[in-house]
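The values are calculated or read from the model by the stated rules, or taken from the named source; none is laboratory data. Quick caveat, the model's predicted, so the values are computed rather than measured. Cβ atoms come from the backbone with ideal geometry, glycine included; neighbour counts cover every protein chain shown. Note: areas computed on protein heavy atoms with side chains; ligands, DNA, RNA excluded. Shrake-Rupley method; radii C 1.70, N 1.55, O 1.52, S 1.80 Å.
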Amino acid sequence: MSEPIKRTVLDYDDLRQMVPWFEGKPRLVAFLSRLLDIDKVNWIHDHNCDTPGVPFTEGLLRDLDITMQVRGEQVLQRMAGKGPFITVSNHPFGALDGIMLIKLVGGYCPDFKVMVNMILNYISAMRPNFIAVDALQSNDPAKRAVSMRGIAQALAHVKQGHPLGFFPAGAVSKFTRDLHIEDRDWQPSVVRIIQKLKVPVVPIYFHGHNSLTFTLLGMIDWRLRTLKLPNEVFRRKGDTFRISVGEAISPEVIAQHPDVADLATWLKQQTYAMRHWR
C-alpha cells in the first residue's frame, strides 16, 4: 500500500529535522520559507497533489506557465509500449528537468520512473514516478539502505518491462575548469546498472542552466545551492524550455563499451552532442 501524500513539500518539522538548530524557531523558519520561496513550493504542490504522478507534473508546469519545445519527440512515440528502455539526461536545473522529463516521457509511458536523490523525494505527489537513492553516497546506514533498495527497485522495474530514467551525474550541473556549466562526470554506479539491464538507451538533453548566482553558491557549499532551488523554479515562470531527444542506442552498441568509465564518458558525449539548437 502506498503511503499517503503529504500536501506540503517542506514544513517546519521537515526543516528542523534537516537543520536541528531550527528547533524552537518556527517564526524564523516561516521567514526563511518566504525568503527562499519554499512557501510557493508548498502552495503549488498543495494545488496539484490530488492528481499524483504524470498529471501532477502537468499541473505544475501549467501553474508555472512553462512550455516545452521538444525535438525528436517521435523517438518516444516509437518506443512507447514496445518494451523497456532507459533515458539518460543532463541535469542543469535540479528540479524542473525532473518535472519536465516525467511530463515528456510519462505522457507516452505513464509507468516511467526516474531515479532521484532523497531531497527531490520530498515532492510526495511525484513519488509514483520516483525511485529514491542517496546521490551523495554517504556512509549513513539508513541512507545506504535507501540506495540499495532503490537500485533493487530500478532493476526490477526494467526487468518487469517498464521504462526508467537516470540523471547519471547525480548532481546539478556546475562550472567546469574552462568556466562552462556542465554535468560532473557521470557516475559509474548508474552506468553499471545500464550495462546490466541491456535495454535501449535514449539520450535526452535539456538546454540551458540555472542562474549564475545558483551556480556560484554551489562552489561554496552544495547546501546553499539547494536552499536556492525553489527560487530557481519560480524565477523561470512563463519560460519556454528546449529539450532534444536523441535516437535510441541499442544494447549491442552499449556492449561495445565494456569499460564503465569509457561508457560513462561516451554516453555523456552522445547526450551533449545535442547541445547546439539550430
What translational diffusion coefficient, in µm²/s and rounded to a whole number, does the Stokes-Einstein relation yield for the stretch 143-199 at 10 °C and a viscosity of 1.306 mPa s, taking the hydrodynamic radius as the Kirkwood radius over Cα pairs? 123 µm²/s
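When the helix-only estimate is applied to the chain (DSSP H runs of n ≥ 4, each -39,500 (n - 2.57), divided by the residue count), what is the mean residue ellipticity at 222 nm, nearest 500 deg cm²/dmol? Can you show the working numbers first?
On the way: 13 runs with 124 residues, N = 278.
Rounded to the nearest 500, it is -13000 deg cm²/dmol.
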Obtain the nm distance between the two label points defined at Ala152 and Arg242 by a simple spin-label model: each point lies 7 Å from its Cα along the Cα-to-C-beta direction. 4.4 nm
Lys and Arg at +1, Asp and Glu at -1: add these up for the other residues within a Cβ distance under 15 Å of Trp277 and post the number. +2
Ignoring ligands and nucleic acids, Lys159 exposes an accessible area, probe 1.4 Å, in Å² to the nearest 10, of 140 Å²
With equal scatterers on the alpha carbons only and no solvent term, can you work out the Debye log10 of I(q)/I(0) for the stretch 125-243 at 0.10, 0.11, 0.17 1/Å? -0.39, -0.47, -1.11
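Rg/Rh for the stretch 28-76: what does it come to with C-alpha atoms and Rh from Kirkwood?
1.15
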Where both partners of a DSSP beta bridge lie in the chain, what percent of those bridges are antiparallel, to the nearest 5? 25 percent
Quick one: accessible surface of Asp185, probe radius 1.4 Å, all protein chains present, in square angstrom to the nearest 10. 120 Å²
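Taking R0 as 35 Å, what FRET efficiency do you get between Ser250 and Asp39 from their Cβ-Cβ distance, rounded to the nearest 0.05?
With a Förster radius of 35 Å, E is 0.15.
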Considering only the other residues whose Cβ falls under 14 Å of the Cβ of Leu64, what net charge follows from Lys and Arg at +1 and Asp and Glu at -1? -1
Taking the Cα centre of the chain as origin, sum charge times position over the Cβ atoms of Lys and Arg (+1) and Asp and Glu (-1), and report the length of that vector in debye to the nearest 20. 120 debye
Protein accessible area in the chain, 1.4 Å probe - carbon and sulfur %: 56 percent
Positive end of the dipole of the chain, charges at C-beta (+1 Lys, Arg; -1 Asp, Glu), about the Cα centre: which of Ile243, Leu120, Trp21 has its Cα farthest in that direction? Ile243
Table column - 3J(HN,Hα) (Hz), the stretch 7-19, Karplus curve with 6.51, -1.76, 1.60, x for Gly and Pro: 6, 9, 8, 9, 10, 4, 4, 4, 5, 6, 6, 6, 10
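Report the full-extension gain for the segment Asp65 to Arg235: residue separation times 0.36 nm, less the Cα-Cα distance, to one decimal in nm. Let's see the in-between values first.
Numbers: separation 170, 0.36 × 170 = 61.20 nm, distance 1.15 nm.
Computed gain between Asp65 and Arg235 is 60.0 nm.
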q = 0.07, 0.08 Å⁻¹: log10 I(q)/I(0) that the Debye formula gives for the chain, counting C-alpha atoms only: -0.24, -0.32
Heavy atoms of the protein only, probe of 1.4 Å, neighbouring chains included. What is the accessible area of His257 in Å², nearest 10? 30 Å²
Rounded to 5, percent antiparallel among DSSP beta bridges of the stretch 97-200: 25 percent
What number comes out for accessible area per residue over the chain if the probe is 1.4 Å? Units Å², please. 51 Å²
Placing +1 at every Lys and Arg Cβ and -1 at every Asp and Glu Cβ, with all other atoms neutral, what dipole size does the stretch 1-137 have around its Cα centre, in debye to the nearest 20? 220 debye
Counting residues in the stretch 195-278 as N, plug N into 2.2 N^0.38 Å and put the Cα Rg over that result. 1.41
